[in-house]
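The values are calculated or read from the model by the stated rules, or taken from the named source; none is laboratory data. Here the structure is a predicted model, which is why all the values come from computation and not from measurement. With ideal geometry, Cβ positions are generated from the backbone for all residues, glycine too; neighbour counts draw on all protein chains shown. Heavy atoms of the whole protein, side chains included, go into the accessibility calculation; ligands, DNA and RNA do not. Shrake-Rupley method; radii C 1.70, N 1.55, O 1.52, S 1.80 Å.
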Amino acid sequence: EERLAGIVSLAVDSIISVDENQLIRMFNPGAEATFGYQAEEVLGKPLSLLLPAHLTERHQQHFRDFGDSSDTARPMGGRSDIRGRRRDGTEFPAEASISKLVQSGERIYTAILRDVSERKLTEEALHASESRLRTTMDSMLEGAQIIGPDWRYLYVNDALAAQGKQTKEALLGRTM
């Protein structure tokens, strides 16, 4: 137990446990940093404190479904509707894994939650940059291409396809 407590206290991710009534029973330092609350402020309070109001009903349904299922763990990394709410009211996207176990006759649910705000911002910036690059290359009057290390066309613009008297689709994936 001492070793587990040490691991939980050092985890960067949020680790939050709730009981069957969705009252917070554990709130690690990672959760304090993510949500902006101190553990003593949230222990015994409803989990809804950490959820955006517009997602409360959906969360309640997921909680019931998971509680009624025979599953003991549920990874939720790819779901776009996982969001948390910080103390200041701001929402953030998250990935989570959730487990349940019976302890002293009571079901305990534990979530390991990761704030993915920075990753989402980076992905958006990358998509915007790719879009600008594609727009620039598509509008060029000269033929432009991107070739992979195996000499296959990864990208060709309309001008290159016209110069080769082929469609872009016919060139993509083929070798030079």
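Which condition from (1) more than 33 Å from the chain's Cα centre (by Cα); (2) surrounded by fewer than 11 Cβ atoms within 10 Å (Cβ to Cβ) is the one that residue 166 breaks?
Checking residue 166 against (1) more than 33 Å from the chain's Cα centre (by Cα); (2) surrounded by fewer than 11 Cβ atoms within 10 Å (Cβ to Cβ), the one that fails is (2).
Give all pairs with beta carbons closer than 8 Å in which a residue from the range 39-68 that is on the phi > 0 side of the Ramachandran plot meets a residue that is of a type in the set (A, V, I, L, M, F, W, C) and open to solvent by 40 Å² or more (accessible area, probe 1.4 Å); count only pairs at least 6 apart in sequence or on separate chains.
44/23
Filter the range 25-64 down to residues that are of a type in the set (D, E, K, R) and over 14 Å from residue 110 (Cα atoms) and give me whichever is least open to solvent (accessible area, probe 1.4 Å).
The extreme case among them is 32.
Taking residue 65 as meeting all but one of (1) over 18 Å from residue 117 (Cα atoms); (2) modelled with pLDDT of 90 or more; (3) in a helix (DSSP H, G or I), write down the number of the exception.
Result: residue 65 fails condition (2) only.
Name the pairs: first residue in the range 128-146 and of a type in the set (Val, Ile, Thr), second residue surrounded by 10 or more Cβ atoms within 10 Å (Cβ to Cβ), Cβ to Cβ under 7 Å, at least 6 apart or on different chains?
Going by the 7 Å Cβ cut-off, the qualifying pairs are 146/154; 146/155.
Scan the range 73-92 residue by residue and report those that are in contact with a Lys or Arg (Cβ under 9 Å, 6 or more places away or on another chain), in a strand (DSSP E or B) and at pLDDT below 95.
Once the filter is applied, which keeps residues that are in contact with a Lys or Arg (Cβ under 9 Å, 6 or more places away or on another chain), in a strand (DSSP E or B) and at pLDDT below 95, the range 73-92 yields 73, 74.
Taking the criterion of being open to solvent by 30 Å² or more (accessible area, probe 1.4 Å), touching a residue at least 40 places away in the same chain (Cβ under 8 Å), out of contact with any His (no Cβ under 6 Å at 6 or more places or on another chain) and not in a loop (DSSP other than H, G, I, E, B), would at least one residue in the range 1-24 satisfy it?
No - not one qualifying residue is present in the range 1-24.
Looking at 96, 159, 111, 128, can you tell me which residue is over 30 Å from residue 33 (Cβ atoms) and either of a type outside the set (S, T, N, Q) or open to solvent by less than 60 Å² (accessible area, probe 1.4 Å) (or both)?
Exactly one residue qualifies, and that residue is 159.
Go through the range 114-125 and report how many residues are open to solvent by less than 80 Å² (accessible area, probe 1.4 Å) and out of contact with any helix residue (DSSP H, G or I) (no Cβ under 6 Å at 6 or more places or on another chain).
Count: 5.
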